[in-house]
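Data first, discussion second: the structure below is written as structure tokens.
Read-outs throughout are calculated quantities, based only on the coordinates presented, and are distinct from any laboratory measurement. This one's a predicted model, so the numbers in the text were calculated from it and none came from an experiment. Every residue, glycine among them, receives a Cβ derived from its backbone with ideal geometry; neighbour counts consider all protein chains shown.
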Amino acid sequence: MAGGGKFPPVLTDPAIEKWYHMKENTHAYYKLNRRTVGIAVMLTVVLPAAFYWGSAAFAGKFQPAGSRRSEQWYISNKKEETAAQE
Amino acid sequence: MLVILLMIPALSMITIWLYCQLAKEVVFTALAFSLINLVHTLLIMHYFDPSTAAFQFQTLGILGIDGISLWLIWLVNMLMPIVILSSWKAVNTLIKPFILLLLFISFWSIAVFMVLDLLLFYISFEGVLIPMFFLIGFYGGRNRKIHAGYQFFLYTLFGSLLLFMALIVLYIETGTTDYQVLLTIPISQNRQYFLWLAFFISLAIKIPCIPFHVWLPEAHTESPTAGSVILAAILLKLGSYGFIRFSIPLFPDASTYFTPLVCTMCILGIIYSSVACLAQIDMKKIIAYSSIGHMNTATIALFTNDYHGLSAGVYFLISHGLISSALFLLVGVLYDRYHTRTIKYYRGLVMIMPIFTVLFLLFTFANIAVPGTSGFISEFLTFLGAMNLNPFVAISASVAIVLAPAYALWFFHRVSYGSFTTYLPTIYQDITAKELHLLLPLLFFTFLFGIYPQIIFEPLHMSCLSLLH
């Protein structure tokens, strides 16, 4: 990994090389236990579901562009205002 | 006129293959042809009419460019001389096939951004895979290069098979793959959903969206500097270009329907890739994960169905192409000297490489969207467009504004400052004239586009307006 460049090679440190190998091959030592399953569920199910809910629930509900000072951004409120004005 | 853009790389490949033997001959011939192509691109830009969204310089009914493809073609042709020069004396064995592979990638990349036929787009989209596979698998520097090459190839190929399937369904339904004809043919909503999903999986692998991103960090770390530059600056743009050219205009109902899905995947991509950056110890992997985050931000911009968002998305592609190329070149400067990319071995580089540190700092600023750089314009307008679409998406994606400086500045600080490292040998050399001249154009354009973004937005204006649905 180190050495073979234009200059004399880097003075390698076995501890750093071992740490590098450990970091690069984390997936090879990955095991499913209570902690990792919890993290996996959080990252693959809970967070994506939460972000999808937010993306879908609020899609098309806000209209900030061209709003006047007295107007609300939230479209549902806009409909009530319009109905009240009428 | 557009055919010449393709003929020049083809001619250069033939010339080099038949007549050039020495490394110097190969590199200078390739450089000359790529500079001719760049000049030709500038001529096209001069004669381009920004007041229309129609495809211009149409040739044979299958080639044409608009404001979106114009700057992407410029990006390819601007980067090719830089990539070719960066390989000179960096690649010691079999330079001729290396340069031929680069030119082959250049040919297909330019073709992708010019073709007006879906089948030709598919062929060009696939065409870059094979030379890139050899670039990574043969010219890579480490043990896992073949694994990385196969991973890159198979991931993209799998996605492309779905794209091909969608292409066949589209052809059976409409009887044509001509893009301009397809724009006029209405496609039923249910069919749109299926076709959009098939397109999406293929293009999402290229962007790359999480969870299809696994191939990118491996491909970047295993490939040579030139390969990384091409991968980050050009190949990643193919996916976003596919979205803006084909998915969104051909399947507008499906694009609107699936926008929450795209936004979700992109937000996850931004957050997970940024956090992954913080945990990396290989310099190239940091920039690779950073690229994932940025490309996902650009994808959110493309799906905002907002003028600011759409133009920001395309602008983002150009900006990211410049900044990530420069960062990879800077890492390549260090790797050429010391042949290691582990961050732990570097510290206090400002003492021995001050000019390198200054350039590194400037491009880090551009990477984290500091005002004055092109990164700021792209991120600002992206979040403006996202806010108009859905404030929840904008606020979630804006986590990148916090995380990007976290990993980028930490990376810069660890490498540049502190007491000088004890691991590097006592022979030092700051950035050479050649390396500086490779980076200066990228620096110039990064700040030019950051100070005067209208230069990119003007040709984009009509094309982006025509994409709104």
Checklist outcome for this item: Per DSSP, the loop-located chymotrypsin sites (Phe, Trp or Tyr not before Pro) within the stretch B:365-458 having at most 16 other beta carbons within 10 Å are B:Tyr417, B:Phe420, B:Tyr428
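Just need the relative contact order of the stretch B:273-322 here, percent rounded to a whole number, with Cα pairs under 8 Å and 6+ apart.
On the way: 39 pairs, mean separation 13.5, N = 50.
Taking the mean separation of contacting Cα pairs over the length of the stretch B:273-322, I get 27 percent.
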Item to check | Within straight-line cross-link reach of B:Lys237, lysines at Cα separation under 16 Å, skipping those fewer than 8 residues along the same chain | outcome: B:Lys206
Next on the checklist: Quick check on the protein assembly as shown: take the gyration tensor over C-alpha atoms, sort the square-rooted eigenvalues as a ≥ b ≥ c, and tell me if it's rounded (a/c under 1.5), prolate or oblate.
Outcome noted: oblate
Item to check | Principal axes of the stretch B:251-468: Cα extent on each, largest first, Å | outcome: 62, 34, 25
Checklist entry - Using +1 on the beta carbon of Lys and Arg, -1 on that of Asp and Glu, and nothing else charged, what's the dipole of the stretch B:199-306 about the Cα centre, debye to 20? => result 140
Checklist entry - When you look at the Cβ of every residue in A:7-16, what mean number of other chain Cβ atoms sits within 10 Å? => result 6
Item to check | Shape of the stretch B:1-248, Cα gyration tensor, a/c cut at 1.5 | outcome: oblate
Next on the checklist: Given axes a ≥ b ≥ c from the Cα gyration tensor, I'd like to know whether the stretch B:352-469 is rounded (a/c under 1.5), prolate (a/b larger than b/c) or oblate.
Outcome noted: oblate
Checklist entry - Along the positive direction of the dipole of the protein assembly as shown (beta-carbon charges: Lys, Arg +1; Asp, Glu -1; about the Cα centre), which of B:Thr342, B:Phe412, B:Ile287 reaches farthest? => result B:Thr342
Checklist entry - Percent of alpha carbon pairs in chain B separated by more than 40 Å? => result 14
Next on the checklist: Hydropathy at least 0.5 by Kyte-Doolittle, axial extent at least 24 angstrom from the Cα trace: which helices of chain B, defined as entire DSSP H runs, fit?
Outcome noted: B:2-19, B:23-47, B:67-87, B:95-114, B:145-174, B:189-206, B:259-278, B:283-302, B:307-338, B:399-416, B:433-451
Checklist outcome for this item: Counting Lys and Arg as +1 and Asp and Glu as -1 over every other residue whose Cβ sits under 15 Å from the Cβ of B:Thr59, the net charge comes to -3
Item to check | Residue (of B:Asn77, B:Ile95, B:Ser463) at the positive-pole extreme of chain B, dipole from beta-carbon charges | outcome: B:Ile95
Checklist entry - With charges only on Cβ, +1 for K and R and -1 for D and E, what is the dipole size of the stretch B:261-390 about its Cα centre, in debye, rounded to 20? => result 480
Item to check | Residues of type aspartates and glutamates that A:Lys23 reaches as a straight line, Cα spacing below 20 Å, ignoring anything fewer than 8 places off in the same chain | outcome: A:Asp13, B:Glu218, B:Glu222, B:Asp282
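For a footprinting-style exposure proxy, rank B:Lys284, A:Lys61, B:Lys237 by other Cβ within 10 Å, fewest first.
Working: B:Lys284 23, A:Lys61 15, B:Lys237 26.
Listing B:Lys284, A:Lys61, B:Lys237 from fewest to most nearby Cβ atoms yields A:Lys61, B:Lys284, B:Lys237.
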Checklist entry - Hey, fewest Cβ within 10 Å first, where do A:Thr26, B:Thr446, B:Thr59 land in order? => result A:Thr26, B:Thr59, B:Thr446
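Given contacts defined as C-alpha pairs under 8 Å and at least six residues apart, what's the relative contact order of chain B, whole-number percent?
Result for chain B is 16 percent.
Which chymotrypsin sites (Phe, Trp or Tyr not before Pro) in the stretch B:283-320 pass both tests, a DSSP loop state and at most 10 other beta-carbon atoms within 10 Å? Could you put the intermediate results ahead of the total?
Working: sites: B:Tyr289, B:Phe303, B:Tyr307, B:Tyr315, B:Phe316; in loops: B:Phe303.
The qualifying sites: there are none.
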Checklist entry - Got a sec? Which residues in the stretch B:405-439 would a label at A:Asp13 touch, if it sits 7 Å along Cα→Cβ and we count backbone N under 19 Å? => result B:410-427
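Let me have the 222 nm mean residue ellipticity of the protein assembly as shown computed from DSSP H runs of 4+ only, each contributing -39500 (n - 2.57), with the sum over all residues rounded to the nearest 500. Provide the component values of the computation, followed by the final result.
Values: 26 runs with 385 residues, N = 555.
So the helix-based figure for the protein assembly as shown works out to -22500 deg cm²/dmol.
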Item to check | For peptides A:32-43, B:331-342, sequence by mean Cβ density within 10 Å, most packed first | outcome: B:331-342, A:32-43
Checklist entry - With a 10 Å Cβ neighbour count serving as the proxy for reagent exposure, in which order, fewest first, do B:Glu379, B:Glu126 appear? => result B:Glu126, B:Glu379
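When you look at the Cβ of every residue in B:392-404, what mean number of other chain Cβ atoms sits within 10 Å? If you can, show how the numbers build up before the last one.
On the way: counts 10, 5, 1, 1, 4, 1, 0, 0, 0, 0, 0, 0, 0.
The shielding value for this peptide is 2.
All other residues with a Cβ under 13 Å from the Cβ of B:Leu195 taken together, and with Lys, Arg as +1 and Asp, Glu as -1, what is their net charge?
Values: positive: B:Arg191; negative: B:Glu173, B:Asp253.
Cβ neighbours under 13 Å give a net charge of -1.
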